[in-house]
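Okay, so here's the structure we're looking at.
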Amino acid sequence: MPCVLLLEAAGPESGALVATAVASGYEVHAVTQSETHAAYRADLRNLLTGCLLTDFACPAQALHDVVTYAHRIGADAVLTTNEYLTPLLAKVCASLGLPGNDPAHADAARNKAAMHEAFARHGVTAPRTFVVDDKNQLRRLHTTERIIFPYVIKPAEGAGSAGVTVVHDPAGVAAAWQAARTPRGMYGMPLDPCVIVQDYVEGTEYSVESLTQNGSTTHLCATRKAVTAGNHRVEVGHSLPAVLPPYVERAIHQEVERAIAAVGIHNGASHTEVMLTPDSGCVVIEIGARLGAGQIGFLIQHALGIDPWKALLDTALGYPTDLTPTRDDYATVRFLTSPRTGRLASVAGLPTTGPGVPVVHLRTAIGDAVREAQANHGRLGHLVVTGPDADTVDRHAEFLLAQITIDVVPEPAAPNSLDRPKLRPSQAGAQESL
Ligand SMILES: Nc1ncnc2c1ncn2[C@@H]1O[C@H](COP(=O)(O)OP(=O)(O)O)[C@@H](O)[C@H]1O
Ligand SMILES: [Mg+2]
């Protein structure tokens with residue numbers, strides 16, 4: 001019976017991996033940190049044969065702990081869906097001689113300064129990028145006119161759009177700098193304090209989900225993104241498979257394959273975000289050495305009938321993968337966001353699950369403090385809509401969203417909520433792009 005070691009079992013994608021592995025008769029162990037482990041649900045704990053607690057904030061110690069544990073349980077595969085753990089994963093796989101990515105380049109799929117260098121070396125078309133350490137360097141970029149508005153400021157090691165700002169004018173620079181410098185991340189891991197300054201690329205955003213095995217890459221699909229406008233770019237929808245003219249698709253795949261090679265992905269999934277410019281050019285925004293989050297794996301299952309969890313396990317085990325689509329459908333996820341800052345008073349009109357609506361999930365509790373989303377983690381919940389084609393699915397999703405009313409009361413809670421005007425998602429700031 002194969003034995004699989006998963007770096008972090010929390011989260012929907014990891015949950016699906018664990019369930020798939022156990023259903024295949026595999027033994028599954030997880031590595032995590034004590035605070036995260038405390039939040040594991042009982043059904044997840046029941047599926048795990050064992051769990052190693054380590055400290056991901058100490059990379060050398062974590063590597064030693066994971067490799068020792070993997071030897072002890074006789075791990076046949078080690079994998080993760082957590083982007084923060086992809087550099088550690090590459091090192092673990094290399095020391096165990098298991099299928100994985102090149103540890104010498106794995107940081108480049110996590111750290112945007114290293115990614116910029118790797119992209120430049122491999123001729124990946126990417127935005128003009130400056131890596132700055134302090135405000136004076138940023139000021140010099142302005143005074144020498146090397147950067148002009150609008151441009152993008154982001155942290156070197158962020159994720160989920162956290163701390164990313166599109167700066168439109170001089171008045172927005174200080175807040176954007178501060179946002180990029182505010183440390184975030186997971187597990188208390190040390191983060192590179194560098195700030196990335198990039199030309200703003202105008203266009204339509206897509207991601208490409210790919211699986212690479214022994215250096216050979218299969219692109220599962222392209223995903224069309226709905227992203228908020230304004231200073232902060234929150235992903236409020238993913239729809240797939242995106243159908244693009246063959247010459248555009250070829251150009252995208254070429255850039256994505258360069259990006260995959262640049263960051264040393266040999267065995268595993270990748271999620272590459274690209275901007276398609278008005279002249280059909282393809283600019284790579286970033287790459288992660290993991291499957292797309294935000295329900296993308298589940299959408300692939302619904303729309304294409306490919307089991308991404310089995311494919312990830314097969315790749316990590318060194319088994320042949322089956323990536324042949326068995327369905328020709330379409331799927332979208334739409335995220336709910338708060339129209340303003342306050343407390344979530346109610347969410348009315350949520351659809352029930354049923355045919356064509358496999359998932360409706362509100363992750364924010366009524367009464368919780370909410371604000372206009374500035375990053376993906378500020379989203380309140382989501383619904384997944386499936387159907388035979390893009391038109392049907394998009395129309396159905398828009399119809400369902402129009403029924404939903406998100407009521408947010410100001411802080412402190414007003415005594416009589418009935419007197420307040422209610423905002424529909426379509427009328428409210430961040431919701432407009434749903
Ligand atoms: N250079 C850029 N030009 C235009 N939009 C950008 C650029 N960089 C980032 N964005 C927007 O900000 C979002 C988040 O930035 P990204 O680099 O993907 O950081 P993260 O790792 O936090 O996801 C992107 O999905 C995109 O919408
Ligand atoms: Mg991104």
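The values are calculated or read from the model by the stated rules, or taken from the named source; none is laboratory data. Source: prediction; values computed, not measured. Please note: Cβ atoms are built from the backbone with ideal geometry, for glycine as well, and neighbour counts cover all protein chains shown. The accessibility values were calculated without ligands, DNA or RNA, using every heavy atom of the protein model including side chains. Shrake-Rupley method; radii C 1.70, N 1.55, O 1.52, S 1.80 Å.
Quick notes on this one:
- Calculated over the chain: convex hull of Cα atoms, volume per residue (Å³): 151 Å³
- Fluctuation leader among Ala57, Ala39, Ala30 - the chain, Gaussian network, Cα springs under 10 angstrom: Ala39
- The range 9-43 versus the range 84-126: alpha-carbon centroid distance in Å: 24 Å
- Projecting the alpha carbon convex hull of the range 156-203 along each direction and taking the average yields 3.7 nm².
- The mean sequence separation of alpha-carbon pairs under 8 Å and at least six residues apart, normalised by the residue count of the range 70-131, gives a relative contact order of 21 percent.
- Surface composition of the range 128-198: carbon and sulfur make up 56 percent of the accessible area, probe 1.4 Å.
- For Pro190, the shell of other residues with beta-carbons less than 14 Å away shows a net charge of -2, using +1 for Lys and Arg and -1 for Asp and Glu.
- Taking each of Lys225/Lys310; Lys91/Lys112; Lys91/Lys310 in turn, the alpha-carbon distance tops 21 angstrom for Lys225/Lys310; Lys91/Lys310.
- The range 176-193-the range 257-279 distance, computed between alpha-carbon centres (Å): 24 Å
- Looking at the chain alone, DSSP beta bridges between its own residues are antiparallel in about 85 percent of cases.
- Ligands, DNA and RNA are left out, and with a 1.4 angstrom probe the accessible area of the chain is 43 Å² per residue.
- Selection from Leu276, Ala179, Thr217, by position along the positive dipole direction of the range 173-286 (Cβ): Ala179
- Its Cα centre serving as origin, the chain has a Cβ charge dipole (Lys and Arg +1, Asp and Glu -1) of approximately 780 debye.
- Alpha carbon centroid spacing (whole Å) that separates the range 201-235 from the range 345-408: 21 Å
- Peptides 293-299, 398-404 ranked from most to least packed, by the mean per-residue count of other Cβ atoms within 10 Å: 293-299, 398-404.
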